[in-house]
Amino acid sequence: MTQPTVTAKHLPDVATAPIAEATSRWLATTVGVSAIGFSLLYLASDIIEVVQRGFSTERLVLTYIGEAAIPLFVLGLYSLQRPAIGRLGLLGAVAYSYAYVFFTSTVMWALVARATDYDGVTDAFGAWMLVHGAIMLIGGVAFGVAVVRAQVLPRWTGICCAAGVVLVAAASGLPVAARTLAEAVTAVAFIGMGYSLLTRYGRDRS
């Protein structure tokens, strides 16, 4: 009786499994630390603005670093929840990330133009701030809802994310202290997501 020929494609890919697992752990750790660290940095820059009652070079540099990292860790959070997070999660992550690419550019403008406060930025960019604020709102709500549905990360983080962007949009015309409190809600959401990734990674290792 002729024995079936065993080719490479019939064999389990045991060699690449540890590599894939190590890559996933590395990504989860990197995204988790980034979500926590840069969210805290961004929130700290807002608190500095409250204390200083306006912009300073140091405050804007911190804001630039914090905002520039947001698209990277948000897309990372999306990637680590695939496929459960679905197309809504992709739409939300991309829209939210794009909005913060624009907002990061406004911080660079503020640094170059030596803007003294938030009103100077809104006056310079006019309707573009409103347009990208709407994109941020839609993207943040979509991403938050998708996180809740995916059930990969804690549901409360998705609820907090969606609520946070609504508060940020609602507080856009309010004093800086109110805007900072609104930003804190979103920051807590991303910090919670990052912490969840790190604790899950720690459990998997033990």
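Taking 0.36 nm per residue of separation and subtracting the current Cα-Cα distance, fully stretching the chain between Leu88 and Leu41 would add 14.1 nm.
Among the trypsin sites (Lys or Arg not before Pro) within segment 29-88, those in coil by DSSP and having at most 13 neighbouring Cβ atoms inside 10 Å are Arg53.
Rounded to the nearest 500, the helix-only mean residue ellipticity at 222 nm of the chain stands at -28500 deg cm²/dmol, with each DSSP H run of n ≥ 4 adding -39,500 (n - 2.57). For the pair Arg200 and Ala127 in one chain, pulling the backbone fully straight at 0.36 nm per residue adds 22.0 nm over the alpha carbon distance. Rounded to the nearest 10 degrees, the inclination of helix 86-113 to the longest alpha-carbon principal axis of the chain is 40 degrees. Largest first, the three principal axis extents of the alpha carbons in the chain are 85, 31, 29 Å in whole numbers. Computed from Cα atoms, the angle from the helix 176-205 axis to the main principal axis of the chain rounds to 20 degrees.
Taking a ≥ b ≥ c as the square roots of the eigenvalues of the Cα gyration tensor of segment 30-131, is the shape rounded (a/c under 1.5), prolate (a/b larger than b/c) or oblate? Judged from the Cα gyration tensor, segment 30-131 comes out oblate (a/c at least 1.5, b/c at or above a/b).
Where a number appears in this text, it was derived from the coordinates with a stated rule and is not lab data. Keep in mind that this is a model prediction, so the values were computed, not measured. Neighbour counts are summed over all protein chains in view; Cβ atoms, including those assigned to glycine, are modelled from backbone coordinates with ideal geometry.
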